[in-house]
Amino acid sequence: MNSRTSQGSLQMAKGRSNPLIAAGRRHTAAVKFDGKVVATGDNKQGQCKVEDWRHITAVAAGSVHLANNTGSSHTVGLRRDGTVVAVGWNKHQQCEVQDWQHIIAVAAGWRYTIGLRSDGTVEAVGRNQEGQGHVGSWRDVAAITAGDWHTVGLQSNGKLVAAGSNQYGQCNVHDIYNAVAAAAGYLHTAVLLSDGTVEAVGWNKHHQCKVTDWREIIAVATGSYHTVGLRTDGTVAAAGSNVYGQCEVANWSDIVAIAAGCTHTLGLKSDGTLLAVGDNQYGQCDVADWSGIGAANGGQ
């Protein structure tokens, strides 16, 4: 989101823009100007094996909550021609996307993958135990986001639909209007409204839903226990758990896109470099030498 004007950025948020950076449980992926993808961090399931991908316009990383028995993840890439590629953990067939066509956006949750078609309908593969894949009846969807166990869709009229676990009210978004973007985290959902403010529903134990005082926001991202917002002036706000320093973004500037993993946060600068804070146990924040991030034309 390169526009610095509030209205222009909000219109872009409401459109079908796609993420150029993605943060998973223990890894990071990003799209370069030439449509290639770079990744760093935990690769035990092959989720960072993206070096042969080409013509990529967006990436998504499987969200995994912060538990000792989790960590396996997958990475999804949207090609310029509307097809999809995926690598990594595939125990629940969450990487079985090779037959998808006419896709304009992708999202990855814990053990499942979501794809938005050009006709406003939605595909889902992978785990569906909590009903997060019950999206076949959705229509007129303009954007999608996947949490660990729930999926949220933004319709073109600014209303939201949700499916999956609602144990903590993370799917209670039906009464929110004038939405332009949404981000699904572990057990909470953040919603960006057309006036640049943010609402959040769901689990708030770590104050990850305390975003009501945010203003002039043009993008939102959610991790397991934290929420991040990008302001019109290129600075970043954060709320929630900061145990790993994932909310240490107060000094960031000139940011054009954000992403939140389980316990780390990414910020894409206008010069194509990437900032990262938070847990770096697996090297998921080792992005200081990356450049050329931001494939505005979808690669060559």
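Bear in mind that the values in this text are calculations on the coordinates, not laboratory data. The model shown is predicted, which means the values in this text are computed figures rather than measured ones. Cβ sites come from the backbone with ideal geometry, for glycine too, and all protein chains shown count toward neighbours.
Numerical summary
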quantity: Selection within the range 194-219 - surrounded by 23 or more Cβ atoms within 10 Å (Cβ to Cβ) and under 20 Å from GLY245 (Cβ atoms); calculated: GLN208, VAL211
quantity: Residue match in the range 80-87 (condition: surrounded by 20 or more Cβ atoms within 10 Å (Cβ to Cβ), in contact (Cβ under 8 Å) with a residue 12 or more places away in the chain and of a type outside the set (A, V, I, L, M)); calculated: no
quantity: In the range 140-188, residue farthest from the chain's Cα centre (by Cα) [restricted to those that are surrounded by fewer than 23 Cβ atoms within 10 Å (Cβ to Cβ) and acidic (Asp, Glu)]; calculated: ASP175
quantity: The range 121-161, residues that are closer than 20 Å to VAL64 by Cβ and among the hydrophobic types (A, V, I, L, M, F, W, C); calculated: ALA124, VAL125, ILE144, ALA146, TRP149, VAL152
quantity: The range 119-144 residues that are over 13 Å from ALA105 (Cβ atoms) and in contact (Cβ under 8 Å) with a residue 24 or more places away in the chain, paired with ones that are crowded, with 19+ Cβ neighbours inside 10 Å and of a type in the set (Lys, Arg) (beta carbon under 6 Å, 6 or more apart); calculated: GLY126/ARG111; ARG127/ARG111
quantity: The range 252-266, residues that are of a type outside the set (Val, Ile, Thr) and in a strand (DSSP E or B); calculated: ALA257, ALA259, ALA260, HIS264, LEU266
quantity: Strands (runs of 3 or more DSSP E) contained in the range 76-192 and holding at least 1 residues more than 27 Å from GLU51 (Cα to Cα); calculated: 122-126, 141-146, 150-155, 160-164, 179-184
quantity: Scope the range 80-92; condition closer than 27 Å to HIS264 by Cβ and in contact with a strand residue (DSSP E or B) (Cβ under 6 Å, 6 or more places away or on another chain); matching residues; calculated: VAL84, VAL85, ALA86, VAL87, GLY88, TRP89, HIS92
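Table: residues versus (1) more than 25 Å from ALA143 (Cα to Cα); (2) touching a Leu at 6+ places or on another chain (Cβ under 8 Å); (3) not hydrophobic (A, V, I, L, M, F, W, C).
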| position | (1), (2), (3) |
| --- | --- |
| ASN178 | no, yes, yes |
| ALA190 | no, no, no |
| VAL198 | no, yes, no |
| THR232 | no, no, yes |
| ALA239 | no, no, no |
| ASN251 | yes, no, yes |
| THR265 | no, no, yes |
| GLY283 | yes, no, yes |
